[in-house]
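**Student:** Take a look at this one; I'll ask things after.
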Amino acid sequence: MSERDPDRESPRPSARERRRRRRPGPDVNRGNLDSHLRPRESLRVIGKPLRKIEAFRKVCGEMRYADDLALPRMLHMKLLRSPHPYARIVRIDTTEAEATPGVHAVLTGRDLPTPYGILPVSQDEHALCIDRVRHIGDPVAAVAAVDEETAEAAAERIVVEYEPLEPVANPEQALREDREPLHPDFSATANIHKLVSLRFGDTDAAIEDADLVLEDTFFYEGNTHLPIEQHACLAHLEPDGRLTLWSSTQTPHYVHRALAKVLAPFPASRIRVIACHNGGGFGGKSDPFNHEIVACKLALVTGRPVKCALTREEVFYCHRGRHPVLMWVRTGFRRDGAITGMHFRTLLDGGAYGSYGVASTFYTGALQTVTYRVPTYRFEGARAYTNKPPCGPKRGHGTPQPRFGLEVQLDKAACALGIDPADLRLRHLHPPGALTANHLRVGSMGLRACIEKVVEASGWRERRGRLGRCPDTGRARGLGLACSSYITGAGLPIYWNAMPHSGVQLKLDRSGGVTVFCGSTDIGQGSDSVLAYVVAEELGLDPFSIHVVAGDTDLTPVDLGSYSSRVTLMTGNAALEAASRARSLLARAVGEELGVPPDRLAFAEGRVFDTAEPEYGVAFAEAVEIAEARFGTIGTTGSYTPPPAAGRYKGAGVGPSPAYSYTACVCEVEVDEETGIVAVPRVWIAHDIGRAINPTLAIGQVEGGVYMGLGEALMESMRYREKRRVIHRHPSMLEYKSPTSFEAPEIHTFLIEDPDPNGPYGAKEVGQGPLLPIPPAVANAVYDAVGVRIDEVPIEPDKVLRALEAKARGKPARVGPRRFPAIPFPDPIDVEPPASLRTAADTPSEELATP
């Protein structure tokens, strides 16, 4: 028996002490017990393939989503939407609608005159249009009635007289100075919402000094999120005058902020927003939406609960999906594949409103530099207002489009230089800790291991260029490789301030129960489970005994929302801090009770015990009682604020992140040269996750990204008939093509673990990054299969056939945009990396090259 402290020695232990000795203690690894980067073998919850904490409720149909909610005396709301892409509202007559039996209220834009928007620089939306409509589907009026049918019938009785105006159908029309601005107060010029011009070093000279210069134009078609759950909300004015909104939102904090602004002078302190579990979001529920604001206003007007559930067609009009982006890329390469300089231009079709568009514009130029060494870099970006449903953030927000262009151009460079595309990338990766040309600090960097893993697993070196035709189908086969990177949470908040980005509160009760309060929203990605896993690991509990209360602005501390792959790192760190503080309180109290130094106590299997003598300890519930007797009610808080960004220039707020994830994938394709159909039977994908909090959930996220990436690569598109009227071609799931289980490939997923010190237990993001390399890998594989370049997505059969026909005629075997329009970019902001930020990692690329 190990020696004990003298004041604890007793020839005859007390009854209480004997009770505490009764249960044998677990075998505990004592090393690094207080470090969140401790070895895997010492972790009991983190890294284990556990189910989600709400899994049973979901599979049993007991999970309640926003559209499942109902209250007594509830009214239903319907919106009257514009049939015109652009028109002036001459008059609105609501007389017949108000006289309809069962109707309780009718609202128009005059009832909600205050503008709003998700970004402080783009407050360009109104809950109901006041004087103009700017896209088909823009809401003009709202009706609250006893049921949906009555509300819809009454909405159809509203008479609206429009004066149609000439719409702006595409970004090139938006560039015309003779066109009336859609938003005069928010346009940089004509109908250009945002112009960006940044230069990091003498890019032109660096490109001219290259051995190979490639200049390409690419196009990435817009697409939508397609979550299985449509938008829905329920607003209720409580008897005490408090207003509560339940909504399928990803950002309850920002919805609360928008409501407080638009409904003023109604006090913000009397508004409560509860984010329901989402049936998928993918960024499409990140904005405050007009139906949420209007439902709240109707609840205030009628004094009754008001519910609104959008139809699938209405969700297409809400949109906020992937921007269509035209890209021009000019890059210089050395003979060994090293990049000397890169000039990247983007033109985004933003639709009718700002949404996240300013950030989206910056994101199309921000992350090209964090994978491979780009010593000089110039970015010019423009976002256009057009009379289409507004674009915004979709999985990967603003980065899949430029990643497609960059990775396809790298494949072209490798072919031109006679270098294996995998080797070209491996030679010129950033080392960990590097500073990029645009002031982004790379942390841990597992892309090398990712590339090596998929190259080995796919048989890349033996099979690329040698697959020939499929023996069963006769189709041409090929392999394509691409890589990517994505942020693990944005480094700065939408509204700049010095406050934490995420907060967590813990409550420990005498029964041994632990409740976690956090403002983040579970949109299906498992963020509630991550909170439970982290707290359970720190306190030595079963994660399924942890109760999580999330996404409630009355009960939970502020979290900025479920977007930018921020939740695991930011709320995870906040939960880790709160749990560590609770653990410290319990350890102090129990240590005094047992006469054991607090740093010698371990928490595991529902007990607190002496690591030197594991049988000597107390149950967790008793530990809480001891601590409460010593300190009073046990409750702790934790918060997280990212490290400061390195950049200090205008625009430096987009791109910095506490950590960057990395992904590499190889896609195998089969191309039918008679029909042009491209099939993807196999995908090998490796993702640098830092450390997997739950590998099963992480693999699910990777595979979800693969499916979504294949949809964008091969079939998904938000297209419009632009002549005369800008009309959506297919605003329904019947016509909008998306992959089904029949198109699902065989996926081989590899999680590459290299713990990042900024993440909880070393974790980095996995929800968005794995989508990014899929479209370029498919395009590169098509080239390997049939020798044609499709420089735009989706890669549809007619494009493949056109390229094959051009190849047969001896013309360039390529389909894609041929020109980038002239844009009045301002003089660039010239930025040089500060000398204080240069590290030993910033060495010439030839010294980093791997043979």
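The values are calculated or read from the model by the stated rules, or taken from the named source; none is laboratory data. Model, not experiment: these values are computed from the prediction. Here the Cβ positions follow ideal geometry from the backbone for every residue, glycine too, while neighbour counts run over all protein chains shown. Side chains are part of the model used for accessible areas, which takes the heavy atoms of the whole protein and leaves out ligands, DNA and RNA. Shrake-Rupley method; radii C 1.70, N 1.55, O 1.52, S 1.80 Å.
**Student:** So if I check each of 581, 607, which one is farther than 16 Å from residue 512 by Cβ and in contact with a strand residue (DSSP E or B) (Cβ under 7 Å, 6 or more places away or on another chain)?
**Tutor:** The conditions single out 581.
**Student:** For the structure I just gave you, tell me whether residue 250 is touching a Lys or Arg at 6+ places or on another chain (Cβ under 9 Å), open to solvent by less than 10 Å² (accessible area, probe 1.4 Å) and not small (Gly, Ala, Ser).
**Tutor:** Numbers: touching a Lys or Arg at 6+ places or on another chain (Cβ under 9 Å): yes; open to solvent by less than 10 Å² (accessible area, probe 1.4 Å): yes; not small (Gly, Ala, Ser): yes.
When the stated conditions are applied, residue 250 passes them.
**Student:** What about residue 480, is it in the same structural domain as residue 756 (by TED's automatic domain parsing), outside any helix (DSSP H, G or I) and open to solvent by less than 20 Å² (accessible area, probe 1.4 Å)? Before you say what the answer is, go through the steps one by one.
**Tutor:** Details: in the same structural domain as residue 756 (by TED's automatic domain parsing): yes; outside any helix (DSSP H, G or I): yes; open to solvent by less than 20 Å² (accessible area, probe 1.4 Å): yes.
Spelling it out, residue 480 is indeed in the same structural domain as residue 756 (by TED's automatic domain parsing), outside any helix (DSSP H, G or I) and open to solvent by less than 20 Å² (accessible area, probe 1.4 Å).
**Student:** So if I check each of 686, 744, 692, 713, which one is among the hydrophobic types (A, V, I, L, M, F, W, C), more than 24 Å from residue 39 (Cα to Cα) and either at pLDDT 95 or above or assigned by TED's automatic domain parsing to the domain that holds residue 535 (or both)? It would help to see each step written out before you state the result.
**Tutor:** On the way: 686 fails: more than 24 Å from residue 39 (Cα to Cα); 744 fails: either at pLDDT 95 or above or assigned by TED's automatic domain parsing to the domain that holds residue 535 (or both); 692 fails: more than 24 Å from residue 39 (Cα to Cα).
Checking each option against the conditions leaves just 713.
**Student:** From 489, 465, which residue is open to solvent by 10 Å² or more (accessible area, probe 1.4 Å) and among the small types (Gly, Ala, Ser)?
**Tutor:** On the way: 489 fails: open to solvent by 10 Å² or more (accessible area, probe 1.4 Å).
Only one candidate passes the filter, namely 465.
**Student:** Among the residues of the range 404-422, write down those that are crowded, with 18+ Cβ neighbours inside 10 Å, farther than 14 Å from residue 216 by Cα and among the small types (Gly, Ala, Ser).
**Tutor:** Within the range 404-422, 414, 422 meet the criteria.
**Student:** Same structure, new question: If a residue has to be crowded, with 24+ Cβ neighbours inside 10 Å and part of a loop (DSSP other than H, G, I, E, B) to count, how many in the range 355-395 make the cut?
**Tutor:** 19
**Student:** Which residues, counting only those in the range 277-304, are farther than 22 Å from residue 351 by Cβ and surrounded by 24 or more Cβ atoms within 10 Å (Cβ to Cβ)? Lay out the reasoning, then the answer.
**Tutor:** Taking the range 277-304 as the starting set, the residues that turn out to be farther than 22 Å from residue 351 by Cβ are 277-279, 295-304.
Residues satisfying the conditions are 278, 295, 296, 297, 298, 299.
**Student:** Further question on the same structure: Within the range 423-446, can you find the residues that are assigned to a strand (DSSP E or B) and open to solvent by 20 Å² or more (accessible area, probe 1.4 Å)?
**Tutor:** Selection gives 441 alone.
**Student:** Here's another thing I want to ask about it. Quick one: in the range 94-132, which of the residues that are touching a Gly at 6+ places or on another chain (Cβ under 8 Å), open to solvent by 20 Å² or more (accessible area, probe 1.4 Å) and among the aliphatic types (A, V, I, L, M) is farthest from residue 385 (Cα to Cα)?
**Tutor:** Filtering first and then ranking leaves 130.
**Student:** Now a separate question. Residues to consider are 519, 524, 591; find the one that is of a type outside the set (Lys, Arg), open to solvent by 20 Å² or more (accessible area, probe 1.4 Å) and not assigned by TED's automatic domain parsing to the domain that holds residue 692.
**Tutor:** Working: 519 fails: open to solvent by 20 Å² or more (accessible area, probe 1.4 Å); 591 fails: open to solvent by 20 Å² or more (accessible area, probe 1.4 Å).
When all the criteria are applied, what remains is 524.
**Student:** With the checklist (1) at pLDDT 95 or above; (2) at positive phi in hand, flag the one item residue 622 doesn't pass.
**Tutor:** Failed condition: (2).
**Student:** Would you confirm whether any residue within the range 604-613 is touching a residue at least 40 places away in the same chain (Cβ under 8 Å) and closer than 29 Å to residue 433 by Cβ?
**Tutor:** no
**Student:** If we scan the range 23-30, do we find a residue that is modelled with pLDDT under 95, open to solvent by 60 Å² or more (accessible area, probe 1.4 Å), out of contact with any His (no Cβ under 6 Å at 6 or more places or on another chain) and at positive phi?
**Tutor:** No, the conditions are met nowhere in the range 23-30.
**Student:** Whether any residue in the range 769-782 is open to solvent by 10 Å² or more (accessible area, probe 1.4 Å) and in contact (Cβ under 8 Å) with a residue 12 or more places away in the chain is what I want to check. Don't jump to the end; show me each part of the working.
**Tutor:** First, the residues of the range 769-782 that are open to solvent by 10 Å² or more (accessible area, probe 1.4 Å): none.
The answer is no; no qualifying residue exists.
**Student:** Same structure again: For the condition under 25 Å from residue 222 (Cα atoms), without any contact (Cβ under 8 Å) to a residue 40 or more places away in the chain, among the acidic types (Asp, Glu) and assigned by TED's automatic domain parsing to the domain that holds residue 434, what is the one hit in 674, 722, 735, 668?
**Tutor:** Values: 674 fails: under 25 Å from residue 222 (Cα atoms); 722 fails: without any contact (Cβ under 8 Å) to a residue 40 or more places away in the chain; 668 fails: without any contact (Cβ under 8 Å) to a residue 40 or more places away in the chain.
On inspection, the qualifying residue turns out to be 735.
**Student:** Something else: Answer yes or no: is there a residue in the range 366-373 that is of a type in the set (Gly, Ala, Ser) and either touching a Phe, Trp or Tyr at 6+ places or on another chain (Cβ under 9 Å) or at positive phi (or both).
**Tutor:** Here is the first cut: in the range 366-373, the ones of a type in the set (Gly, Ala, Ser) are 366.
Among the residues that remain, those that are also either touching a Phe, Trp or Tyr at 6+ places or on another chain (Cβ under 9 Å) or at positive phi (or both) are: 366.
The answer is yes; a qualifying residue exists.
**Student:** For residue 600, are the conditions met, namely being assigned by TED's automatic domain parsing to the domain that holds residue 545, surrounded by 19 or more Cβ atoms within 10 Å (Cβ to Cβ), in contact (Cβ under 8 Å) with a residue 12 or more places away in the chain and in contact with a strand residue (DSSP E or B) (Cβ under 7 Å, 6 or more places away or on another chain)? First the steps, then the outcome.
**Tutor:** Details: assigned by TED's automatic domain parsing to the domain that holds residue 545: yes; surrounded by 19 or more Cβ atoms within 10 Å (Cβ to Cβ): no; in contact (Cβ under 8 Å) with a residue 12 or more places away in the chain: yes; in contact with a strand residue (DSSP E or B) (Cβ under 7 Å, 6 or more places away or on another chain): yes.
Answer is no for this residue.
**Student:** Hey, can you tell me all the residues within the range 565-584 that are polar (S, T, N, Q) and surrounded by 24 or more Cβ atoms within 10 Å (Cβ to Cβ)?
**Tutor:** Kept after step one, since they are polar (S, T, N, Q), are these residues of the range 565-584: 565, 568, 571, 573, 580, 584.
Answer for the range 565-584, where residues must be polar (S, T, N, Q) and surrounded by 24 or more Cβ atoms within 10 Å (Cβ to Cβ): 565, 568, 571, 573.
**Student:** Condition check: more than 30 Å from residue 487 (Cβ to Cβ), part of a strand (DSSP E or B) and under 41 Å from the mean Cα position of the chain (by Cα). Does residue 602 satisfy that? First the steps, then the outcome.
**Tutor:** Numbers: more than 30 Å from residue 487 (Cβ to Cβ): yes; part of a strand (DSSP E or B): yes; under 41 Å from the mean Cα position of the chain (by Cα): yes.
Considered against the rule, which asks whether it is more than 30 Å from residue 487 (Cβ to Cβ), part of a strand (DSSP E or B) and under 41 Å from the mean Cα position of the chain (by Cα), residue 602 comes out as yes.
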